[in-house]
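*Asks:* Before I ask anything, let me first share the structure, which is written out below as structure tokens.
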Amino acid sequence: MINCFKLMLMLFAVSSGVADAGLINANFETGDLTGWTDSTSGLALVVTSEVGEFGIYTPAVGNYFLAITAGAVDVWQTVSQSVTMGVGDTLSGWAAFDWHDYVPYLDGARVQITDANGVVATPFFAQGAVGQDYADYAPVFWSWTATMAGTYTLEYSVRNTLDSALSSTGLFDADLINDEQTVVPEPSSLALLGPGVTGLYGYGCRRKRRLAA
């Protein structure tokens, strides 16, 4: 089985002692959604592992991560948290996508930052693509730094596209270990771990499977 989400070998803790821009339970180590707003009606779970199409996802850091399953057609299922940030404060983490569907049903997952005026940034977005039915997308590191002080909302979301017969899953974790931020390896270090980590959405865990006739 492929441990797509296990990136502990890539992470090196530093003594920052500062949680990810002040988020509560940023890396879900309470084992639940404490601090987060769940608008999914039960489709969001804090888990220790998740079975993908061809492998097992495990936490990027710590013991838990968030798994959101897509629901109603073309509706983003969202888990979010608002936080007050100063200039230079950063939100960051890991996100992956288990596409449990096939063309043309290009389900998707995303990380978005919003404020009172709307979407500020989308630091992570992944969706199914033509020519690769059913795929495990390996974790991608994302990061966003505030250029203006204010209140922002971090949103983790997943969506079914066109139908809801088969639902995909988005997987999200923070780059924190006991409230200590972690360091992203230099490109040379990433190269040692293979193209599955350095690709656009981490296609190293991708495989194809067609529906039986």
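The values are calculated or read from the model by the stated rules, or taken from the named source; none is laboratory data. In this text, all values refer to a predicted model and were calculated from it rather than measured experimentally. Cβ sites come from the backbone with ideal geometry, for glycine too, and all protein chains shown count toward neighbours. Calculation scope for accessible area: heavy atoms of the full protein, side chains included, ligands and nucleic acids excluded. Shrake-Rupley method; radii C 1.70, N 1.55, O 1.52, S 1.80 Å.
*Asks:* Residues that are polar (S, T, N, Q) and either farther than 26 Å from Ser164 by Cα or open to solvent by 50 Å² or more (accessible area, probe 1.4 Å) (or both): list the strands (runs of 3 or more DSSP E) wholly contained in the stretch 58-104 that include at least 2 such residues.
*Replies:* Result: 77-85, 90-99.
*Asks:* Every residue in the stretch 160-198 that is open to solvent by less than 30 Å² (accessible area, probe 1.4 Å) and either over 20 Å from Thr58 (Cα atoms) or at pLDDT 55 or above (or both), please.
*Replies:* Asn160, Thr161, Ser168, Thr169, Gly170, Leu171, Phe172, Asp173, Ala174, Asp175, Leu176
*Asks:* From the set of residues in the stretch 34-45 that are open to solvent by 30 Å² or more (accessible area, probe 1.4 Å) and at pLDDT 95 or above, which is nearest to the chain's Cα centre (by Cα)?
*Replies:* Leu45
*Asks:* Identify all residues within the stretch 115-159 that are open to solvent by less than 40 Å² (accessible area, probe 1.4 Å), over 13 Å from the mean Cα position of the chain (by Cα) and either farther than 17 Å from Tyr105 by Cβ or modelled with pLDDT of 95 or more (or both); write none if there are none.
*Replies:* Within the stretch 115-159, Gly118, Ala121, Trp144, Ala146, Gly150, Tyr152, Thr153 qualify.
*Asks:* Just to be sure before I move on: is Gly62 in contact (Cβ under 8 Å) with a residue 60 or more places away in the chain, within 17 Å of the chain's Cα centre (by Cα) and on the phi > 0 side of the Ramachandran plot in the structure I sent?
*Replies:* yes
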